[in-house]
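Remarks on the structure that follows.
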Amino acid sequence: MGALTVKWTGPIQRVGKLILHYTIKKGDIILYLGASTGTTVSHISDIVGEKGMIFAVELSFYMLRRLVLL
């Protein structure tokens, strides 16, 4: 079975490029600026696991309220 090739395009998939390039792994500590509603934060949380930590920062009150409920 060959390697999986993913073509990342568009602004939504920029974090995907970072994950592939910088190799986020279990136990990492991440500072995520502009966390919005937390969708990507949730995906990164799955990668870093229980031993990792994510500091998610969002300045918009509306978005932060949704992030906290995640």
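Take residue 27 and decide whether it is modelled with pLDDT of 85 or more and out of contact with any Lys or Arg (no Cβ under 9 Å at 6 or more places or on another chain). Spelling it out, it is not the case that residue 27 is modelled with pLDDT of 85 or more and out of contact with any Lys or Arg (no Cβ under 9 Å at 6 or more places or on another chain).
What number of residues within the range 42-70 satisfy the criterion of being farther than 17 Å from residue 28 by Cβ and either surrounded by 12 or more Cβ atoms within 10 Å (Cβ to Cβ) or touching a Leu at 6+ places or on another chain (Cβ under 7 Å) (or both)?
The first filter runs over the range 42-70 and keeps only residues farther than 17 Å from residue 28 by Cβ, leaving 58-70.
Next, only the ones that are either surrounded by 12 or more Cβ atoms within 10 Å (Cβ to Cβ) or touching a Leu at 6+ places or on another chain (Cβ under 7 Å) (or both) stay: 58, 60, 63-64, 66-67, 70.
Result for the range 42-70: 7.
The values are calculated or read from the model by the stated rules, or taken from the named source; none is laboratory data. A quick note: this is a predicted structure, and the numbers were derived from the prediction, not measured. We place every Cβ from the backbone using ideal geometry, glycine too, and count neighbours over all the protein chains shown.
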